Every structure is written in C-alpha cells, then in structure tokens.
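Participant: To start, I am sharing the structure in question, which I have written as structure tokens.
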Amino acid sequence: MVPFEYYVILSLLLFVIGLAGALFRRNLIILLASLEIIMNALIVLFAAISYHTKDISGYLIVFFLIGMAAAEAGVGLTLAVLIYKKLKKVYVDEINFFRG
Amino acid sequence: MSEASFQVINTFDLRVFLVPFLPFFASIITLIFGKKYFREKSHILPVISLFLSFSLSISLLFDVLNGKTYNFDLYSWIVAGSLKVGLGFLVDPLSVMMICMVTSLSFLIHVYSIGYMGGDPGYYRFFSYISLFTFSMLMLVLSNNLVQLYLGWEAVGLCSYFLIGFWYEKKSASDAAKKAFIVNRVGDFGFALGIFAMFYYLGTLYYNEIFAKLPLIAESYISIGGYEIHVPFLIAFLLFCGAMGKSAQVPLHVWLPDAMEGPTPVSALIHAATMVTAGVFMVSRLHALFEMSYHAMAMVAFIGAITCFMAATIAPTQFDIKRVIAYSTLSQLGYMFMACGVGAFAVGMFHLFTHAYFKALLFLGAGSIIHALHHAQDPNDIRIMGGLRRYMPITFWTFLIASLSISGIPGLAGFFSKDEILAYAYFSKYPWGKIIWLIGLVVASMTAFYTFRIFFKAFFGEFRGKEVLHGHTPHESPKVMTIPLIIISIGAIFSGWLGIPEILGGGAHFQRFLESVLGHPELLHVDHTMEYLLMALSVLAGLLGIFLAYLVYVKTPSLETAFSSRFKRIYTFLYRKWYFDELYDLVIVRPTLFLARTVVNLILDTFVIDQTVNGSAKTAEAFSSFFRRFHTGIVNYYNWFILLGLVIYLLLVYLK
C-alpha cells in the first residue's frame, strides 16, 4: 500500500509543475494545460485524503472537479482557437489588449 | 358699523371657486394642446372661460349687493403647529369689486389680443400666459389670508415676467423681463418679512383674525439697533416694500417703463389695470394696520406723492408712446397711494377702478396705433405719427375719451375719482393732507399736458411716417380690436358715475359700498364752498394742461424745442428719468457684477472650486500612473500577482 505522504508529494510536484508552467510559459495552449495540471494536483490530493480518512465526501468533490475541469478546458480551448483565428497569435505576451 | 349687515356664508360655493379656476384650466389646456392642436384657434378657450368668469363675478356682485358675503376655506394648505394656512376665498365688497374689474377688462383685452396678436408664432403661448395671469390676479384678490395673497402676488409677477419677455428673442425684451423680476424680488423680500412679522406678533394670517387681534399690538415696540420701533409701523413698512415693488413706486419703480417691451395688451392688462394696482389693493385690504401707525400713513402718502410728481415730470420728455403712458400709470398709482396715505382708502380704490378703464383704453388705443404702424422700425415713436385722426377715426375718438378722462374733465370717470382724492386730501385730518393736495393739483395739470402731448402728436398735424412705411398709409384696426376699445371707452366714461360725490347730487354709492370694509375716513370740517372751489381748481388745472399742450404741439410747434434747448440741464435730467437707472447701475448693478466677476468668479470659482475639482482629478491620475505599470496586459504577470496575493494572504493568516 502506498503511504499517504507519497500522494501529498505527488500532488505538490504536480502543483509546482503546473504553477511553473502558468508563470513562465507564454504559449496559450501550454498555459491552459498548466492550469489543468494544477487542477489535477488538487484532484489527486482530494482523492488521497478521501481514501485515507475513509470519507466519501472527498470523492464527491473529485467528481465535481473532473467535470468542471473538462468544461473549463472546453471553454478555454475554444477561446484559444478563436484568439488564434482572429489574431494569428498564440504567445500571450504578444496579446496585450489590456495594457495600462 | 355697517359690517354687521352682511351675512357671511362659510360654506363652499362653486361660483367663487370657478371664478379664478376657469381661466386656470383654460390656461393649462391651451398650454398643453395649443402648439399642436389649437394653433390659431388658441384664443377660443380662454375667451370663453373669461366670459363665464366675468358672468359669475357679476352674479357674485349681486349677492354682495344683497348683503351676502362669502368666507370659506377650500382645504388646509399648510398646517404646522399654530400656523394654519388654507386655500380660501373671501368675497366682500372690496374683492368683488376687484374681480368684476379684473374679469371684465381681462375678457375685453383677450378679445382685443385676437386681433393684436394674430399671426404671432407664440399665439397659443400668449393666451395661455395671459389666462394664467388672470387666474393669479383673481387668487390674489379673492384670498382670505396673507399667504394666499402672497401666492397670487408672486404668480402675477411670474406671469408678468413671462409676458414682458414674450418676444424673448429680442435682447431688450428679455432684459426688461429680468429687470422687472429682480426689482420685484427686492420688494417681495420685504413683503415676505412683513408676513413673517405679522405671524410672529399676531399668530395668524387670516384677515378676519388679524383685524380682530390688531389692537393687541397697538402699543408694542421693538428695539432695533437702539431705536424703539413701533411694531405696526414695522409690519406696515415691510408689507409696503412689497407694494412699492409691485405697484412701481419710488424707489422700486424702474422696472415698469421697461416693461413696455411686452405686447401692448399685456401692458394694458398687467402694467396698467390690474397687477400694478395689487399694491394699492393690499394696502387697502390691511388698512386697519396702516391706520394704526401715523408714520406708516405718512410714508404711504409721501412715497405716492413723490412717485406721482416724478413720473409726471419724466413723461413729457419721452418719445415712446407706451413709455409715456407707463409713466402716467406710475403717476396715477401715486395718486392712489396718496389717497391711502390720507386715510381715504375707499377713494383710492375708486380711483383704482376708474383708472383701470381709462388707462387700459389709453394703452389699447396706443396698441391700435402701433398695430397700424407695425411696419416701421420703431412703431412706438410718437415722432413718426401724426395726422392719424383721418386714418383711424375709432382709435381717435376712444383715445380722446381716455385722455379727457385722465385729465379730469367733468363728466368722465377720471374727474370724479381724482377730484375725490384731492378733496379728501385737502380735508384730511392728517397734517400732510394739504401738501398732498397741492402736489396732486400740480400733477393733475401735468398729467393733462403730457397726455394731450401724445394725443396731439399722434392724431393732429401731418402724418410724418411716410418714409418708414414706404408710402403706405396707416389703416384702422380690425373690428375685433375696435369693438373692445368702444366697450372700454364706455367704462372710461361711466365707471366714475358709480361714485358721484354728494355735492354734485350723486350718492357716492361706490365709496359707501366699499366703506363697509374700508372704513370711512375721518375728515376735518368739510366746507361745501371750499369743496366746489377745489373742484373748480382741479378742472382748471386739467384744462390748463390741455391748453398748454395745444399751444405747444398744435398751434406753435416751434415752442416744442424751446424748453429743451433753453433748459438743457433740466431737460436731460428729466429725459434720463432722474438718473435712476444710472444710479442703480452704479450703486447696485456694477458692484454686484464686480463681486460676481472678481470675488465669486476669479477667487471662489477659479481658486476654490476649480482647484478642488481639478485637484481630485490630478490625484486620481497620480495614483493611476503608479498602478498602471502593473497593468501590463500579459497573462503571466497576472499569474504572478495571484501567487503573490496568495502568499501574502497565507502569511497574514498564519503569522498572526
């Protein structure tokens, strides 16, 4: 049986990877993917906690999170495609409408 | 007292309500629907409503003659503590006489305006305003308390403002309207204070309660700035300030001559017959208060006398026909106040009544001339008139009647009332009565002179306006204008017959009718021979004036410029209207504008207000120029900020 700490470490690793992606990468698709990774870090953590404490509520949150992540990915990718179609750009530092 | 003979009805009477409110409804409906639907038929509703209103006034007159007066509240308007003000009506001899006069003249002038204002783009507006004016005036005279009087007082001022500035695209007209309104504000400020003082001392604003409680303050004094001031005098003075503004008495008279910028029917109705007499009406209504203070009576008498004399000296130097008549109005209003100031309130009201007719007739006659000459650059200028007798016979005859009436020729309305004033002044118990009589006598002669000056200038000699009319000859006005002229001229002859004094075999019914409200003036010993002598003197004064005018303006026209060139100083002084406008310009207008332009505009506006407004904008800009650096538009940075925010939040939560 895998110890609980391993799950936490895995989750942390995923979170840091996703965070690094969100902070350092400039490609729009990669940014979205990084967000998905952060989300997955959470899902793993919730599933582990639920398994560890023998409490079903964590699993419920996991299901909701997976559904939400799917929807969010759909919306995000659609927007990314539209932005690409409109501007022919995928690098976020080139897309700065809101520059103050 | 004969007051007991009146039966007072305290319940609602529809006729009393409809007298003022019919013109009001007509006005509102005309204002709303006039522009789109009535257009050149806008006059129908106001004229009909005025006619009904007039008929109801006559029926009320018969009620009052039969000893039935009304005094009732329609509803409570303001109730606060001990203050209670209702929208109420009081129909007694005084107010019923006023409503008959106002509605009859207003009706005729409405009809006249159909011709005079025909084709004007603001036709519907004119009829709406003038009906609204009639409503306000009727509310003023019918009210049974001071606050409603004040409401009507302000509303007539407002309508006067609308109508003076009726041709608002003309700069001079809109200026004159503003002047009238602002000068009246000065007087009305005093009037409002007077009402407050009245409430403060008596605790009520209803006339009947005021009269009942007035003896309570007969001996009370108030100390202002070290002087002991008689309370009745204080209240009377403050109220009289309002009367000075509204009735254009010195020193607040300057607005009335300028008000002639309005259409002529307006001048006839508002600035001759009705609104400007509101001051006299108010003084008569509160005569008990004025009579309590010796000084107040002296003030009323002398303000009236000064105005009377001053206006009569200015009038002969003016060339604008309407201005001359306006100064004559000032002068006649002065007569009314003189009558009030010697305690002869009923006679003052009698002169108000006759004056309304002959002065309206003079104005409408002038309007008829102006209408005929309206192609000229300045149709009011008497220098372009002349010889109009041949072209405009009806206007000529009616104008002649009015001129004779105002000059005090026996048999016409003006004779009886003016003569009564002079007689009552002479026999007055007040010591200034004789002085007032002398001024009145001199002015009577001057009145005849300047009235016949414009009469001879306009109707005799050769027509001098051929060039300005491009060869056209003037023509008589349409029937819709001449018929009201004829009807009013009947009033200008016969209205005086209602009050023929006893020594001429009359019953002085008019004065007796009003004296039940206004009280009979106390006189010294009345000598009948003296009375005849006074009458003869005043007639002679009038004839002298007419003769002089004939001499100067018909017989030997070379005399016309003799005075003005001989006494250039005096002439200029009179021509510039005693420099009142210049004085006010120097003392009030310029300092006010200076204050506005420098202190308020430069200092307060530029430094305080502008700096505050600009400063707040600049502060916001300074803040934003710092924060805008974070607003890069690049998603990665935002992610960093989110992380930063999260870290700070966690630190705050866990390190606390």
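The values are calculated or read from the model by the stated rules, or taken from the named source; none is laboratory data. Keep in mind the model is a prediction, meaning the values are calculated, not measured. All Cβ positions, even for glycine, are placed from backbone atoms using ideal geometry, and neighbour counts span all protein chains on display. To get the accessible areas, we keep the full protein, side chains included, count just its heavy atoms, and leave off ligands, DNA and RNA. Shrake-Rupley method; radii C 1.70, N 1.55, O 1.52, S 1.80 Å.
Participant: Given R₀ = 30 Å, what would the calculated FRET efficiency be for A:Arg25 paired with B:Arg628, taking r from the Cβ atoms and rounding to 0.05?
Facilitator: Plugging the Cβ-Cβ distance into 1/(1 + (r/R0)^6) gives 0.75.
Participant: Compute the length gained on full extension between B:Thr561 and B:Arg185: take 0.36 nm times their separation in residues and subtract their Cα-Cα distance, giving the result in nm to one decimal.
Facilitator: Length gained between B:Thr561 and B:Arg185: 131.4 nm.
Participant: Averaged per residue, what accessible surface does chain B expose to a 1.4 Å probe, in Å²?
Facilitator: About 42 Å² of surface per residue is accessible.
Participant: Sticking with this structure for a sec: Note the per residue figure in Å³ for the convex hull of the C-alpha positions in the protein assembly as shown.
Facilitator: Output value, Cα hull per residue: 303 Å³.
Participant: Can you tell me the length gained on complete extension of the stretch B:Thr606 to B:Leu65, counting 0.36 nm per residue apart and subtracting the Cα distance?
Facilitator: That pair, B:Thr606 and B:Leu65, stretches by 188.2 nm at full extension.
Participant: Over the Cα atoms, compute the radius of gyration (one decimal) and Dmax (the largest Cα-Cα distance, rounded to a whole number) for chain B, in Å.
Facilitator: When restricted to Cα atoms, chain B yields Rg and Dmax of 29.6, 116 Å.
Participant: Only Cα pairs under 8 Å and at least 6 apart count here; give the relative contact order of chain B as a rounded whole percent.
Facilitator: 11
Participant: Separation between the A:Met68 and B:Gln7 pseudo-spin-labels, each 7 Å from Cα along Cα→Cβ, expressed in nm?
Facilitator: Calculated label separation equals 9.0 nm.
Participant: Another question, then. Work out which GluC sites (Glu not before Pro) in chain B are exposed loop sites (DSSP not H, G, I, E or B, at most 10 other Cβ within 10 Å) and give the longest gap free of them.
Facilitator: Counting at most 10 other Cβ atoms within 10 Å as exposed, the longest clean stretch of chain B is B:220-461.
Participant: Another question, if that's okay. Specify the inter-centroid distance of region B:519-549 and region B:606-656, based on alpha-carbon positions, in whole Å.
Facilitator: Each part reduced to its Cα centre gives a spacing of 91 Å.
Participant: I would also like to ask the following. Between region B:127-162 and region B:440-497, what is the C-alpha centre distance in whole Å?
Facilitator: Between the Cα centre of region B:127-162 and that of region B:440-497, the gap is 30 Å.
Participant: Please work out the FRET efficiency for the pair B:Arg590 and B:Tyr168, using the Cβ-Cβ distance as r and a Förster radius of 30 Å; give the result to the nearest 0.05.
Facilitator: Computed FRET efficiency for B:Arg590 and B:Tyr168: 0.75.
Participant: What 222 nm value per residue comes from the helices of chain B, counting each DSSP H run with n ≥ 4 as -39,500 (n - 2.57) and dividing by all residues, nearest 500 deg cm²/dmol?
Facilitator: -21500 deg cm²/dmol
Participant: Next question. List every residue whose amide H lies under 5 Å from the amide H of B:Ser247, counting only residues 5 or more places away in sequence or on a different chain, with H placed 1.01 Å from N in the peptide plane.
Facilitator: Long-range HN contacts for B:Ser247: B:Gly279.
Participant: Whole number please: convex hull volume per residue of the Cα set in region A:26-90, in Å³?
Facilitator: Looking at region A:26-90, the number lands at 46 Å³ per residue.
Participant: Select from region B:491-594 those trypsin sites (Lys or Arg not before Pro) which occupy a DSSP coil region and have at most 16 other Cβ atoms within 10 Å, ordered by residue number.
Facilitator: Passing sites in region B:491-594 are B:Arg576.
Participant: Let me ask you something else. Ordered by residue, what ³J(HN,Hα) values in Hz, to whole numbers, does region B:361-371 give under the Karplus form 6.51 cos²θ - 1.76 cosθ + 1.60, where θ = phi - 60° and Gly and Pro are x?
Facilitator: 5, 4, 5, 5, x, 4, x, 5, 5, 4, 4
Participant: Something else now. Once phi is turned into ³J(HN,Hα) by the Karplus curve 6.51 cos²θ - 1.76 cosθ + 1.60 with θ = phi - 60°, what whole-Hz value does each residue of region A:15-27 show in order, with x for glycine and proline?
Facilitator: Rounded to whole hertz, the list is 4, 5, 4, x, 5, 4, x, 5, 8, 9, 7, 10, 6.
Participant: Tell me the Kirkwood hydrodynamic radius of region B:343-425 in angstroms, computed as one over the mean inverse distance between distinct C-alpha pairs.
Facilitator: The Cα-based Kirkwood calculation yields 14.0 Å.
Participant: If the viscosity is 0.692 mPa s and the temperature 37 °C, what Stokes-Einstein diffusion coefficient in µm²/s follows for region B:199-253 when Rh is the Kirkwood radius over Cα pairs?
Facilitator: Reported coefficient: 260 µm²/s.
Participant: For B:His472, what accessible area in Å² do you get when you roll a 1.4 Å probe over the heavy atoms of the protein chains, rounding to the nearest 10?
Facilitator: Around 110 Å² of this residue is reachable by solvent.
Participant: Can you compute the FRET efficiency between B:His528 and B:Asp120 using 1/(1 + (r/R0)^6), with r the Cβ-Cβ distance and R0 = 56 Å? Round to the nearest 0.05.
Facilitator: According to the calculation, E is roughly 0.55.
Participant: Pull out a ≥ b ≥ c, the square roots of the eigenvalues of the alpha-carbon gyration tensor of region B:388-447, then state rounded if a/c is under 1.5, prolate if not and a/b is larger than b/c, and oblate in the remaining case.
Facilitator: prolate
Participant: A further question on this structure: Within region B:515-585, list the chymotrypsin sites (Phe, Trp or Tyr not before Pro) lying in a DSSP loop whose Cβ has at most 12 other Cβ atoms in a 10 Å radius.
Facilitator: Filter output for region B:515-585: B:Phe567.
Participant: Quick one: go through region B:58-88 and flag any residue whose amide nitrogen is under 14 Å from the point 7 Å out along the Cα-to-Cβ line of B:Phe17.
Facilitator: B:72-76, B:87-88
Participant: Now for a separate question. Taking amide H atoms as placed 1.01 Å from N in the peptide plane, list the residues 5 or more away in sequence, or in a different chain, whose amide H sits under 5 Å from that of B:Ile409.
Facilitator: B:Phe415
Participant: Can you compute 3J(HN,Hα) from phi for each residue in region A:74-82, using the Karplus curve 6.51 cos²θ - 1.76 cosθ + 1.60 with θ = phi - 60°, rounded to whole Hz and x for Gly and Pro?
Facilitator: For region A:74-82, the Karplus curve yields x, 4, x, 5, 4, 4, 4, 4, 5 Hz.
Participant: Residues in region B:382-408, backbone N under 11 Å from the label point at B:Val468 (7 Å along the Cα-to-beta-carbon vector): list them, ranges by number please.
Facilitator: What the label zone holds, given the 11 Å backbone N cut-off, is B:382-386.
Participant: Kindly flag which residue pairs out of B:Lys434/B:Lys577; B:Lys322/B:Lys577; B:Lys246/B:Lys577; B:Lys359/B:Lys479; B:Lys213/B:Lys429 have an alpha-carbon separation exceeding 23 Å in this structure.
Facilitator: From B:Lys434/B:Lys577; B:Lys322/B:Lys577; B:Lys246/B:Lys577; B:Lys359/B:Lys479; B:Lys213/B:Lys429, over 23 Å: B:Lys434/B:Lys577; B:Lys213/B:Lys429.
Participant: Using modelled amide H (1.01 Å from N, peptide plane; none on Pro or chain starts), what sits under 5 Å from the amide H of B:Leu74, excluding residues fewer than 5 places away?
Facilitator: Residues meeting the amide H criterion: B:Leu87, B:Gly88, B:Phe89.
Participant: Please state the relative contact order of region A:26-90 as a whole percent: Cα pairs under 8 Å, 6+ residues apart?
Facilitator: In percent, rounded to a whole number, it is 39.
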